[in-house]
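Each remark here refers to the structure printed beneath this line.
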Amino acid sequence: SALRARLAVLARSQAVARTQLKGDVEASAARQAATNVQLSHDIEGIALKTATDKNRQDKDVTELANNAASLGEAVAAARRTARADRNRKQQMLNASLAEGVEALATLVKKELATHKANIYSRVGAFDAAAKRKEA
């Protein structure tokens, strides 16, 4: 009977321990489930932020590519404009030089004609003087 009393105490103690353990296991499972839900939310948030960041980066890369293309077009246009401007200035300079050379040639021809006329005049005067001396 003392043995039975001890066995009964032991059985009650074991039942209490089992109940306690069952409660601990259920509480642990509930905490684990809550943690899993929180982790799931966190992972979804990270995935969404990652997708958003990737979209932003994709937009940034696209914008940079567009900017680079626009810059390339602007540089090409500026080069074309500068080349056309240089060509126009060169043509104007060539025309101006041609006019200058033509004017100089005309002036030289006039000077030569005047010089030639002076020489003929002097030769004529010399001949006339020589003929007067002879006569």
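The values are calculated or read from the model by the stated rules, or taken from the named source; none is laboratory data. Bear in mind that the values here come from a model prediction, so they are computed numbers and not experimental data. Because the Cβ atoms are built from the backbone with ideal geometry, glycine has one as well, and the counts that use them run over all protein chains shown. Remember, those area values only see protein heavy atoms, side chains included, never the ligands or the DNA or RNA. Shrake-Rupley method; radii C 1.70, N 1.55, O 1.52, S 1.80 Å.
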Notebook entry, point to check: If you scan the stretch 1-44, which residues turn out to be assigned to a helix (DSSP H, G or I) and loosely packed, with under 10 Cβ neighbours inside 10 Å?
Noted result: A2, L3, R4, A5
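The rows are residues; the columns are (1) aliphatic (A, V, I, L, M); (2) at pLDDT 95 or above.
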position	(1), (2)
R4	no, no
V9	yes, no
D60	no, yes
N66	no, yes
E73	no, yes
R79	no, yes
Item checked: Subset of the stretch 45-55 (residues that are open to solvent by 60 Å² or more (accessible area, probe 1.4 Å) and charged (D, E, K, R)) -> K49, K54
Next item on the list: Test V75 against the criterion of being part of a helix (DSSP H, G or I), under 24 Å from the mean Cα position of the chain (by Cα) and of a type in the set (V, I, T), and give yes or no.
Entry: yes
